[in-house]
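The structure appears right after this line, and notes come after that.
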Amino acid sequence: MSKVSIIITSGSREKLQFAAMMASVAAVSAYEVTVFLSMNAMPYFANTHEGGAPTEGELGRLMEEKNVPDFMELFEQAVELGDAKIYPCSMAMDVMGIHKDDVKPFLAEPLGLTKFMSMAEGGQCWSF
Amino acid sequence: MSERKIIDARGTYCPGPLMELIAGIKQIEVGDELEVLSTDEGSANDIPEWVNKVGHELVGTTQEGDVWHVVVRKAK
């Protein structure tokens, strides 16, 4: 099975949205999908997070007004419908002072960068 | 006798109609059909691509006003 690996470090609405679109569509299209969450993307996946992500520009603002699928739901569908694996970065969790019980239940076990790079080897890799 | 169910995904945007179709396909039997209603032209074009890629069967796509009707038969 072809591999698609997605690294998300941005906390912007547009980038989270597109990363979620790519993860969900790839996962249901016979790709083996691995997502790695770090930096400013990580706080959205903590259980304590509330509200949406800030927009960068016009498209993000338009998406707020229209019935665009919620990015968190798309990530969850990537896991439930397409068996994607979404890994929180263990470094980001350490910095935030949170543990695996403090993040969304559909996430996989926390992962380090070295392991992620091994998993991504030989496949497509996308960053947002 | 095969059945056809309707998935009303009007008003949502890519990849909403596709994801609703996939959730629906998991719940039907091989040989049954789903008819997706979409007002998103990109999704109407994209769903047949997905159907070909994963090996289901596209029965047909029609447009009525601003609504696309994409009919898919579960093949496996």
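The values are calculated or read from the model by the stated rules, or taken from the named source; none is laboratory data. Keep in mind it's a predicted model, so treat the numbers as computed, not measured. Cβ: placed from backbone, ideal geometry, glycine included. Neighbour counts: every protein chain shown. Note: accessible area is taken over every heavy atom of the protein model, side chains too, but ligands, DNA and RNA are not part of it. Shrake-Rupley method; radii C 1.70, N 1.55, O 1.52, S 1.80 Å.
Is one or more of the residues making up segment A:107-123 closer than 28 Å to B:Pro48 by Cβ and touching a strand residue (DSSP E or B) at 6+ places or on another chain (Cβ under 7 Å)? Yes: segment A:107-123 contains one or more residues that are closer than 28 Å to B:Pro48 by Cβ and touching a strand residue (DSSP E or B) at 6+ places or on another chain (Cβ under 7 Å). The residues of segment A:48-66 that are within 11 Å of another protein chain (Cβ to nearest Cβ) and open to solvent by less than 90 Å² (accessible area, probe 1.4 Å), listed by number, are A:Leu62, A:Met63. Within segment A:7-39, track down each residue that is assigned to a strand (DSSP E or B), open to solvent by less than 30 Å² (accessible area, probe 1.4 Å) and farther than 23 Å from B:Lys26 by Cβ. If the condition is that a residue be assigned to a strand (DSSP E or B), open to solvent by less than 30 Å² (accessible area, probe 1.4 Å) and farther than 23 Å from B:Lys26 by Cβ, then A:Ile8, A:Phe36, A:Leu37 are the ones that fit. Against the condition out of contact with any helix residue (DSSP H, G or I) (no Cβ under 8 Å at 6 or more places or on another chain), of a type outside the set (Gly, Ala, Ser), at pLDDT 95 or above and farther than 22 Å from A:Gly82 by Cα, how does B:Glu64 come out, does it pass? It is true that B:Glu64 is out of contact with any helix residue (DSSP H, G or I) (no Cβ under 8 Å at 6 or more places or on another chain), of a type outside the set (Gly, Ala, Ser), at pLDDT 95 or above and farther than 22 Å from A:Gly82 by Cα. Counting only residues that are crowded, with 17+ Cβ neighbours inside 10 Å and outside any strand (DSSP E or B), segment A:105-118 holds 3 of them. A:Asp83 is checked against (1) open to solvent by less than 20 Å² (accessible area, probe 1.4 Å); (2) in contact with a helix residue (DSSP H, G or I) (Cβ under 9 Å, 6 or more places away or on another chain); (3) not polar (S, T, N, Q) and fails just one. What number does that condition carry? Every condition holds for A:Asp83 apart from (1).
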